[in-house]
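See structure below.
The values are calculated or read from the model by the stated rules, or taken from the named source; none is laboratory data. Everything quoted here is computed from the prediction, not taken from an experiment. Cβ sites come from the backbone with ideal geometry, for glycine too, and all protein chains shown count toward neighbours. For accessibility, only protein heavy atoms count, side chains too; no ligands or nucleic acids. Shrake-Rupley method; radii C 1.70, N 1.55, O 1.52, S 1.80 Å.
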Amino acid sequence: MRTLHIDLETFSDVDLKKAGLYRYVQSPAFEILLMAYSYDYEPVRIIDLAAGERIPEGIRKDLNDPNVKKTAHNAAFEINCLKKFYPTQTGQWHCTMVHAYYCGLPGSLEQLGRALGLAREKQKMAVGRRLIQYFCVPCRPTQANYGRTRNLWKHDPEKWELFKSYCIRDVETEMAVHRILEEHPFPEREHLNWVLDQHINENGVAVDVELVRGALAISAQTQDELGGRARELTGLDNPNSVAQLKQWIRDNSGLELESLNKQTVAEVLADRSGDELVKEVLRIRRELGKTSVKKYAALDACLCGDGRVRGLLQFYGANRTGRWAGRLVQVQNLPRNYLGTLDTARELVKKRQTDAVRLLYGNVPDTLSQLIRTAFVPGPGNRFFVADFSAIEARVLSWLAGEQWRLDVFRTHGKIYEASASAMFGVDLDRIKKGNPEYALRGKGKIAELALGYQGGKGSLLSMGALNMGLAEEELPDIVKRWRGSNQRIVDFWYAVERRAVETVRQGTAGYLPRGIAFGRDRDYLIIRLPSGRKLHYYKPEIRRNDLGRDAVHFLGTDQKTGKWEYISTYGGKLTENIVQATARDLLAEAMMNLHGQGFSINFHIHDEVILEVPEDSGKTLEEAIRILCTPPRWAPDLPLNADGFEAYYYKKD
């Protein structure tokens, strides 16, 4: 099979970052400017479409030839750009960005070239951003450019030649990356999952445009009112300015605040002895900063011509585990809804009745925030089936570690919080129910389950909100001790994972654990094989001393806090978390493939939940979808799965 490496440079009057790929390509102004290509690592050639050249007939045929593998970095871009003019099938493409994610590497071609140590002449050219800004997006009309709104190749032929060189270099870099990545082939099963992901993104989900526009109108009115109130209370021209507001707080209350982040504001508001005027101003600031309200603007920006939004998911976006990441509207962190009258709230927002929303619900920004989920709707003649796995990570962790009492719980009543409290405190399970004093133990069992499964301690309980649940700080160490004492096999699993990882990196020998988990290493990676057969990759592993002075695995990766590519320390609990979350991801991927195979249309998915768009007259049932979701894969026939779901005409948290 021949391989055709491709890179495109394009123009559109739609902002790609804000509106997303699909709306970007749908614009009537969209066009392909340059196409650089190479067959089988031959010297790269460039086609200057902007200057009137045409893509040769042979290449146009190869774009739809299953015997020619098309390769690009972030191939979704090239696929959808080319699809507008030429037939091509997603399944014939290979994406080096996704392949890099699979290998535990950065997705950015620029960062990837540096991480892999490519020679400077093979790395992405730094000048690209300026050239893209000049040729690929509209420009502001000025007297100097004679009032034009777009720069063409003829307006600066010298820059244009440099732009062509930049496009050629991208293909050269992608080919160099491709050669290296092919040493760890992208699994065929993952390729099929990626193809399904592209189908889901391309299909998209319908949006209640009336609700979105109503929310934006109410939000603008509320922001004006809150901003005016903040200016009135503080006398500041710009109460949104952190520096100005901190100085005002200092002058009016003597309170020195290092920042005005969410945690600091919450601490000030919780202080009963605090200045009430300062508190009121900070409450206003918190409402003005509601990021979830901004999601309405994001929805409006990426709305395609048919009333659907597309491209909400990034395949393998979390490259330690392979889980999906959110894009554009960030569906992975939508706020929950607690309103008991969603239908009424939605109608009031659609009619832009701000006063009625305030009268019924009090806090307008919070109400809009709770309604953001409901902006996602099925298309005409359809309804949603929403189904999600129950306690999937807890089930997977119990199964991997062989914690039998927990597996028995999941195979019977499924009340893991109550059962955990029963095991921790030696109280009969039947006593832990509403109306009994023992029911107070359920909260301790719940937070222990949420915080301690991956070797967390007192700090994990605190960050999970233990104090807000009414627990005293001095009782947290006892909760940790009791949970670990009742889950000894899970504790043993943490340390077994850590020992295998350290031994494998240090000695280069293979290590094995039950359920098909295996550890290996080669020149560049620590590799953990999952029960599904998929592999997790940890780049350039070393044994170094960690902050506790113990030998630990360190590897090169993107630090989730700093965003920098650097050495990261890991340990048994964190590796266990990776293995569990990756296994849960594989269960979701397999379930989605089965749902798709049975004719269910997946609009999008969030963590362990799928949102299906089902025709009213299809004859399909929610029970059928849940049955498919709960069917164990062949690599985990004894894993006790369970799921729940509901039908609706808009998305919500049931």
*Accessible surface of residue 85 in the full protein assembly, 1.4 angstrom probe, to the nearest 10 Å²?*
100 Å²
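For region 548-654, calculate the relative contact order in percent as a whole number, restricting contacts to Cα pairs under 8 Å that are 6 or more residues apart.
On the way: 85 pairs, mean separation 16.2, N = 107.
Relative contact order of region 548-654: 15 percent.
Quick check on the chain: helices-only [θ] at 222 nm, where DSSP H runs of length 4 and up contribute -39,500 (n - 2.57) each and the sum goes over total residues. Nearest 500, please. Walk me through the numbers on the way to the answer.
Values: 25 runs with 297 residues, N = 654.
When only DSSP H runs of four or more count, the value is -14000 deg cm²/dmol.
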*If you place +1 on the Cβ of every Lys and Arg and -1 on the Cβ of every Asp and Glu, how big does the dipole about the Cα centre of region 90-152 come out, in debye to the nearest 20?*
280 debye
_Quick check: with the 1.4 Å probe, what order do 197, 40, 388 take by accessible area, largest first?_
40, 388, 197
*Taking square-rooted eigenvalues a ≥ b ≥ c of the alpha carbon gyration tensor, is region 92-217 rounded, prolate or oblate, where a/c under 1.5 means rounded and, failing that, a/b exceeding b/c means prolate?*
oblate
*Highest average packing first - 359-367, 487-495, Cβ atoms within 10 Å*: 487-495, 359-367
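Measure off, as a whole percent, the carbon and sulfur share of the 1.4 Å-probe accessible area of region 373-449, all protein chains present. Before the final figure, lay out the partial values.
Numbers: 1460 of 2990 Å².
Using a 1.4 Å probe with all protein chains present, region 373-449 comes out at 49 percent carbon and sulfur.
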*So how far apart, in nm, are the two label points at residue 122 and residue 343 if each is 7 Å from Cα heading toward Cβ?*
6.3 nm
*Determine how large the accessible area of residue 57 is when every protein chain is in place; take a 1.4 Å probe and give Å² rounded to the nearest 10.*
100 Å²
*Charges only on Cβ, +1 for Lys and Arg, -1 for Asp and Glu: so what's the dipole of region 557-622 about the Cα centre, in debye to the nearest 20?*
320 debye
*region 85-109-region 386-437 distance, computed between alpha-carbon centres (Å)*: 41 Å
_Extension reserve of the residue 1-residue 41 stretch, reckoned as 0.36 nm per residue once the Cα distance is removed_ = 13.1 nm
*Between region 345-378 and region 495-543, the alpha-carbon center distance in angstrom*: 50 Å
*FRET efficiency for residue 492 and residue 434, using Cβ-Cβ distance with R0 set to 45 Å, rounded to 0.05*: 0.85
*State, as an integer percentage, the relative contact order of the chain based on alpha-carbon contacts under 8 Å between residues 6 or more apart.*
13 percent
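What number comes out for accessible area per residue over the chain if the probe is 1.4 Å? Units Å², please.
Values: 30060 Å² over 654 residues.
Accessible surface, normalised per residue, equals 46 Å².
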_Antiparallel DSSP beta bridges within the chain, as percent of all bridges there, nearest 5_ = 90 percent
*Positive end of the charge dipole of the chain (Lys, Arg +1 and Asp, Glu -1 on Cβ, about the Cα centre): tell me which of 519, 97, 509 has its Cα farthest that way.*
509
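About its Cα centre, how strong a charge dipole does region 498-654 have in debye, to the nearest 20, once Lys and Arg get +1 and Asp and Glu get -1 at the Cβ?
On the way: 22 positive and 23 negative charges, 227 e Å.
That gives region 498-654 a dipole magnitude of about 1080 debye.
Compute the FRET efficiency between residue 15 and residue 55 as 1/(1 + (r/R0)^6), taking r as their Cβ-Cβ distance and R0 = 30 Å, and round to the nearest 0.05. Walk me through the numbers on the way to the answer.
Details: r = 27 Å, r/R0 = 0.89.
Efficiency at R0 = 30 Å is approximately 0.65.
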*Counting only protein chains, not ligands or nucleic acids, how are 532, 38 ordered by accessible area (probe 1.4 Å), most first?*
532, 38
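Would you mind classifying region 406-456 by shape? Square roots of the alpha carbon gyration tensor eigenvalues, ordered a ≥ b ≥ c; an a/c under 1.5 is rounded, otherwise it is prolate if a/b is larger than b/c and oblate if not.
On the way: a/c = 2.10, a/b = 1.25, b/c = 1.67.
Here region 406-456 falls in the oblate category.
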_Between residue 203 and residue 353, what is the label-point separation in nm under the 7 Å Cα-to-beta-carbon projection?_
3.6 nm
*How far apart, in nm, are two points set 7 Å out from the Cα along the Cα-to-Cβ line at residue 134 and at residue 217?*
4.5 nm
*Most to least packed among 506-514, 2-10, 422-430 [average Cβ atoms within 10 Å]*: 2-10, 422-430, 506-514
*lysines near residue 540 by alpha-carbon distance under 25 Å, same-chain residues fewer than 8 away left out - which ones?*
122, 124, 561, 564, 574
*asked:* Among 317, 87, 153, whose Cα projects farthest towards the positive end of the dipole of the chain, with charges put on the beta-carbon of Lys, Arg (+1) and Asp, Glu (-1)?
replied: 153
*asked:* Within region 153-294, count lysine pairs with alpha carbon atoms under 23 angstrom apart where the residues are 8 or more positions apart or belong to different chains.
replied: 8
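Is the C-alpha gyration tensor of region 595-654 telling us rounded, prolate or oblate? Criteria: a/c under 1.5 is rounded; beyond that, a/b larger than b/c is prolate, otherwise oblate. Spell out each step's value before the answer.
Details: a/c = 2.02, a/b = 1.51, b/c = 1.34.
Judged from the Cα gyration tensor, region 595-654 comes out prolate (a/c at least 1.5, a/b above b/c).
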*Estimate the FRET efficiency between residue 29 and residue 333 by the formula 1/(1 + (r/R0)^6), using the beta-carbon distance for r and 35 Å for R0, to the nearest 0.05.*
0.60
